[in-house]
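Report on one structure; see the data block that follows.
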Amino acid sequence: KEGFSVSLTCTYSTSSSYIYLHWYHSYPNRASEYILQRGAKSRSGNVHTAEFAKGKFDSRVDSSTTTLTINNVQLSDAALYYCALQVAQCWRSYPLLYKNFIHSCNSHHLNCVSHFPLFFQPQELTVPSEEGETVTLTCTYSTSTSNIFLHWYRKYPKTAPEFIHYRGAKGYTGTHTADFAKQRFDSKTDSSSTRLTVKNLELRDTALYYCALH
């Protein structure tokens, strides 16, 4: 009911001691929105909350769960909520979910610092295509960070975002592609853009696609 508080809980399991637990929400036909993160185990005490969420959203963590509390619930809070576990060894970890902030990592220490991107913009709102064709989606970006990864995700209604592919840019050259995407999805990057190419389009490729800078 409106005005009440509600708590949502996710359980997790990991052998790492350096972790952050994130919460997001998603409204129909929109990219997922970051709410907050809280460190656990060796990262306990590290907390970051989006400006809009301060005073309304909070979380608790322990060795196996993360709980999000929403205070003074309103109708506008009705959305799909989900959680993500991030291992702090950023240069080795694979993304779990879309993040609307950048992680700058020092590979000699297990440290991650969050920064909001200066600019990250999709270039196409919709791309009409037919089965069997090849299509390319483009995002442009601007950042002073020299070691970055550019990620692509897709999202179907009422489901969490699905990782497709990432490719390093500037100081990083690594790449990783989800198993389902290895034959038909690829990307190219340069100093200001990332382009996702989808080959041999299928009806199931109809989804919301978006990019993220890590």
Query raised in the report: What do you reckon, is Ser64 closer than 17 Å to Gly171 by Cβ, surrounded by fewer than 15 Cβ atoms within 10 Å (Cβ to Cβ) and modelled with pLDDT of 75 or more?
Result: no
Report task. Output the number of the condition that Asn72 fails; it satisfies all remaining conditions of (1) in a loop (DSSP other than H, G, I, E, B); (2) within 25 Å of Tyr209 (Cα to Cα). Result -> (2)
Query raised in the report: So, in the range 1-24, of the ones that are within 15 Å of Lys56 (Cβ to Cβ) and surrounded by fewer than 20 Cβ atoms within 10 Å (Cβ to Cβ), which residue ends up modelled with the lowest pLDDT?
Result: Glu2
Query raised in the report: Within the range 195-210, restricting attention to residues that are in contact with a Cys (Cβ under 9 Å, 6 or more places away or on another chain) and at pLDDT 90 or above, which residue is surrounded by the most Cβ atoms within 10 Å (Cβ to Cβ)?
Result: Leu196
Report summary line: Reported set for the range 183-214 where residues are under 15 Å from Tyr153 (Cβ atoms) and hydrophobic (A, V, I, L, M, F, W, C) is Phe185, Leu196, Val198, Ala207, Leu208, Cys211, Ala212, Leu213
Query raised in the report: If we scan the range 41-61, do we find a residue that is β-branched (Val, Ile, Thr), in contact with a helix residue (DSSP H, G or I) (Cβ under 8 Å, 6 or more places away or on another chain), at pLDDT 90 or above and surrounded by 18 or more Cβ atoms within 10 Å (Cβ to Cβ)?
Result: no
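The values are calculated or read from the model by the stated rules, or taken from the named source; none is laboratory data. What you see is a predicted model; the values in this text were computed from it and never measured. Positions of Cβ are backbone-derived with ideal geometry, glycine not excepted, and every protein chain shown enters the neighbour counts.
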